[in-house]
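Just below is one structure, and these are the notes that go with it.
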Amino acid sequence: TRRLTLAAAQLGPIQRAEGRDVAIGRMVRLMEKAHQRGAEVVVFPELALTTFFPRWYEEDLANADHWYETALPSNATAPLFEAARRYGIGFHLGYAEKTPDGRRFNTAVYVHPSGEVALKYRKVHLPGHKEYDPQRKVQHLEKRYFEVGDLGFPVVRAPVGANQVNIGMLICNDRRWPEAWRVLGLQQVELVMLGYNTPSLNMENRGFEAHHLRVFHSHLSIQAGCYQNACFAAGVAKAGDEDGHELFGHSIIVNPQGEIMAQATSWGDELIIADCDLEMCALGRSTIFNFARHRRPEAYGRITAQ
Ligand code: CDT
């Protein structure tokens, strides 16, 4: 069997006034705890180093530079890389990336315990809007702060714990798009690492999306994605009250049957762990979701038509 002990490290809120050192200190403690509990990889949320800053409007992007990382590791993020090496644990990190030529992306990486970045992904589905919206009580300015990711949905076979594992990534809103999952599935992804920051309140619900459906839709999307593509996923939230704005948490680890194996129950820093038998991916892939035998791309033209 190919067993992987997978940890999802939900983070409680990070306030706007808090520096990276606060979040990183908490993350290192979670990595230590994950190691003590036998985990081989730990998955952190989207934009894990700061508050969910797209809720704050900044007219001049140059004044927003402090939210972004220009290098990994940096002095600030080095403790994560040191902890990975010390504990022999890989980690997934979501962060805001500013490239040397000034481009901005909502990015995630998987870092091997050696410190090597084995996979990088830039978020494709950016929700929200670009300009300040006076109708909204809370802004969601991802389209202002980030460009659409330019790396596609890559899958690599990388060392994760004791195994070589086909890993891929989605970031937050991506999880709601079956096309994104399918592009990973077509590359035989076995583990999807997925971080999110989702407000408990949908500013655009128009009275039709009841409060309790927010978590349901998140879980529905991740569970369906795993089942339909025969993979595991760690869906990891930032949770709780950031400067008066609530993020709903409910991080989960899901297996290829679409079942929730572990779920966070708090609104704070919380580690959930599952023992994943990667051989489970073979069932769906060789039967009902044997793509080579049963998929009908010739009928799906509309999916990719512009
Ligand atoms: N971070 C992120 O992508 N959040 C979105 C909220 C959308 S509300 C404009 C999500 O899909 O969870």
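Since every read-out is calculated from the coordinates, none of them should be taken as a lab result. What you see is a predicted model, and the numbers here were worked out from it, not measured in a lab. Please note: Cβ atoms are built from the backbone with ideal geometry, for glycine as well, and neighbour counts cover all protein chains shown.
Computed FRET efficiency, Cβ-Cβ of residue 295 and residue 208, R0 35 Å: what is it to the nearest 0.05?
0.60
What is the sum of charges around residue 105, taking Lys and Arg as +1, Asp and Glu as -1, for the other residues whose C-beta is under 9 Å from the C-beta of residue 105? Mind dumping the intermediate values first?
Details: positive: 98, 103, 104, 122, 123; negative: 97, 147, 150.
Here the count lands on +2.
Measure off 7 Å from each Cα along the Cα-to-Cβ vector at residue 305 and residue 216, then give the distance between these two points in nanometres to one decimal.
In this crude label model, residue 305 to residue 216 measures out at 3.3 nm.
If each residue's Cβ is checked for other Cβ atoms within 10 Å, how do 27, 169, 203 rank with the fewest at the top?
Numbers: 27 24, 169 30, 203 14.
Going from least to most buried by this count: 203, 27, 169.
Which of 143, 123 comes first, and how do the rest follow, when ranked by fewest Cβ neighbours within 10 Å?
Ordered from fewest to most neighbouring Cβ atoms within 10 Å, 143, 123 come out as 143, 123.
State to the nearest 20 debye the size of the charge dipole of the chain about its Cα centre, where the only charges are +1 on K and R beta carbons and -1 on D and E beta carbons.
That gives the chain a dipole magnitude of about 780 debye.
Defining a contact as two alpha carbons under 8 Å apart and six or more residues distant in sequence, what relative contact order in percent does the stretch 104-189 show?
In percent, rounded to a whole number, it is 27.
Using every alpha carbon pair in the stretch 56-103, what percent of pairs falls into each 10 Å bin from 0 up to the bin containing the largest distance?
For the stretch 56-103, the pair-distance distribution reads 21, 43, 25, 10, 1.
With +1 on each Lys and Arg Cβ and -1 on each Asp and Glu Cβ, how big is the dipole of the stretch 1-154 about its Cα centre, in debye rounded to the nearest 20? Each step should come with its number before you reach the end.
On the way: 22 positive and 19 negative charges, 130 e Å.
Charge dipole of the stretch 1-154: 620 debye, to the nearest 20.
If you take every DSSP beta bridge whose two residues both sit in the chain, what share of them, in percent to the nearest 5, is antiparallel?
Around 65 percent antiparallel, to the nearest 5.
Select from 111, 100, 140 the residue farthest towards the positive end of the dipole of the chain; place +1 on Cβ of Lys and Arg, -1 on Cβ of Asp and Glu, and compute about the Cα centre.
Towards the positive end, the residue furthest out is 111.
Calculate the spin-label point distance for residue 17 paired with residue 135, positioning each point 7 Å from the Cα along the beta-carbon direction, and give it in nanometres.
3.4 nm
Could you calculate the contour length gain from residue 286 to residue 188, that is, 0.36 nm times the residue separation minus the distance between their Cα atoms, to one decimal place in nm?
Once the chain is fully extended between residue 286 and residue 188, it gains 34.2 nm.
Which order results if 275, 60 are arranged by neighbouring Cβ count within 10 Å, fewest first?
60, 275
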